[in-house]
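Trainee: A single structure is presented below for examination.
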Amino acid sequence: MTISTVTFQNDALNQFNALDTTISQTENELSTGTILPNAAANPVAVTQVNQLNAELSASQQYVSNGNAASANLKLEEQALTSATTLLQSAQSLAVQANDGSLTSADRQDIATQLQQILGQLVATANSTDTNGNYLFAGTASQTRPFAQSGSSVSYSGATEVNQVEIGPNQFISTGDSGSSVFMNVPAGNGTFTTAAGAGNTGTASIDTGSVTDASDWVPDVYTISFTSPTQYTVTNSSGTPVAAGTFTSGDAITFAGVSVTVTGTPAAGDSFSVTPAATASMFATLSSLVSALNSTSINSGQLTSQLNAVNQQLGNAVNQLDDVQASVGSRINAVTASQTSAQTDQTTLQSSISQLSDTDYTTATTQLSTEEIALQAAEESYASVSKLSLFNYLG
């Protein structure tokens, strides 16, 4: 029988090194809290953790995007509420201005109030966020969108708006352009607008009208001309008569699928126009009202006709703001829903990452104790065996 001391010592040393390595690894897992200190530890698990971390990072970015978008949209919501309040005040003043007992001075006082409302509306449309970015400038957020020069207000912002991703392939607009909110309000009743002739001398006025049969409506510029206080003719842009009749104040005049009502006493030669509806800005509507109330040459019929049109237009503007506000509210709700979903996903992802990489302290502590006992036993065994010699066997 051959006993090699060198072999015995080498085997013992290898055993001690292996146990030391195992103990060091377990101690490292306990101190760092992870069982994946590097890619070599478990390449498959590390790949899975990297993928899960990428998904977690994307989800966290969606939440961050949503927070920024929601903050911006809430500021826009406040601005829209302020704008609505201003326009409703203007509506009340327009109704007040239609009181026939008011003097020119009274109407000019109202015009002064409306001019102030116009300035406040421009300021509201130029609202900014906490970073000084204009809410209604679209993608040109550093550009002041609205500029007022006298009674004229122009728009210099962009028509496009910023989009952010709040979920996988889920994008929302973080705002609305000023052109779509304030500048392009449907005019009249949505189909046509009415107006009194500039040269009218009678007291008659025209309402905003309505569509009675959309299939009969032919978009064109129509003129209702009075040959006498009781006779009228309706012609199209070519001068072709399309209707005629006897006029009685307050009775409807119908033609081409529409109906308008003229009230008061027209003079021979007076006229009223019916024109296909386009769009008008809220600012232009207020400015036209201010001009009408400040005018010293406009007669009562012309003023009433314009006030009717302006009230209709202000109502359209308020409706448009309501529609935009509803859109803003739905986007805020979409962000909230997306963030709730993202937070659920993050909890699941973090749990999966933890299962793959986190140290199980109870198991690791027990394992370390077992490994230390094994090392101690190996050391004691080596110490006992290393004292033996051939004489022990011979004895």
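Trainee: Which one of these is under 29 Å from Gln108 (Cα atoms), hydroxyl-bearing (Ser, Thr, Tyr) and surrounded by fewer than 16 Cβ atoms within 10 Å (Cβ to Cβ): Thr279, Thr285, Thr263, Thr248?
Mentor: Thr279
Trainee: Right, something else. Go through Val335, Val310 for me and flag whichever is at pLDDT 90 or above, within 30 Å of Val164 (Cβ to Cβ) and outside the structural domain of Pro219 (by TED's automatic domain parsing).
Mentor: Val335
Trainee: Name the residues in the stretch 240-268 that are of a type in the set (Gly, Ala, Ser) and in a loop (DSSP other than H, G, I, E, B), would you?
Mentor: Hits for the stretch 240-268 are Ser249, Gly250, Ala256, Gly257, Gly264, Ala267, Ala268.
Trainee: Let me ask another. When the stretch 45-63 is examined, which residues are found to be modelled with pLDDT of 70 or more, in contact with a helix residue (DSSP H, G or I) (Cβ under 8 Å, 6 or more places away or on another chain) and small (Gly, Ala, Ser)?
Mentor: Ser59
Trainee: Quick one: how many residues across the stretch 192-226 are over 19 Å from Thr304 (Cβ atoms), part of a loop (DSSP other than H, G, I, E, B) and either in the same structural domain as Gln312 (by TED's automatic domain parsing) or among the aliphatic types (A, V, I, L, M) (or both)?
Mentor: 2
Trainee: A follow-up question, please. Run down Thr112, Thr128, Thr84, Thr103 and say which single residue is in contact (Cβ under 8 Å) with a residue 12 or more places away in the chain, hydroxyl-bearing (Ser, Thr, Tyr) and on the phi < 0 side of the Ramachandran plot.
Mentor: Being in contact (Cβ under 8 Å) with a residue 12 or more places away in the chain, hydroxyl-bearing (Ser, Thr, Tyr) and on the phi < 0 side of the Ramachandran plot holds for just one of Thr112, Thr128, Thr84, Thr103, which is Thr84.
Trainee: Quick one: which strands (runs of 3 or more DSSP E) sit completely within the stretch 149-190 and have at least 2 residues that are polar (S, T, N, Q)?
Mentor: 152-155, 170-173
Trainee: How many residues does the stretch 163-179 hold that are free of Cβ contacts under 8 Å to residues at least 24 places away in the same chain and under 24 Å from Asp322 (Cβ atoms)?
Mentor: So the count comes out to 1.
Trainee: Among the numbered criteria (1) in a loop (DSSP other than H, G, I, E, B); (2) in the same structural domain as Ser152 (by TED's automatic domain parsing); (3) touching a Pro at 6+ places or on another chain (Cβ under 7 Å), which one does Asn316 miss?
Mentor: Looking at each condition in turn, Asn316 falls short on (1).
Trainee: Something else about it: Which number in (1) more than 15 Å from the chain's Cα centre (by Cα); (2) in a helix (DSSP H, G or I) marks the one condition that Ser101 misses?
Mentor: Just one mismatch for Ser101, condition (2).
Trainee: Now a separate question. What residue, of Ser237, Ser327, is more than 30 Å from Ala111 (Cβ to Cβ) and assigned to a loop (DSSP other than H, G, I, E, B)?
Mentor: After applying the criteria, what remains is Ser237.
The values are calculated or read from the model by the stated rules, or taken from the named source; none is laboratory data. A quick note: this is a predicted structure, and the numbers were derived from the prediction, not measured. As a convention, Cβ positions derive from the backbone with ideal geometry for all residues, glycine included, and neighbour counts pool all protein chains shown.
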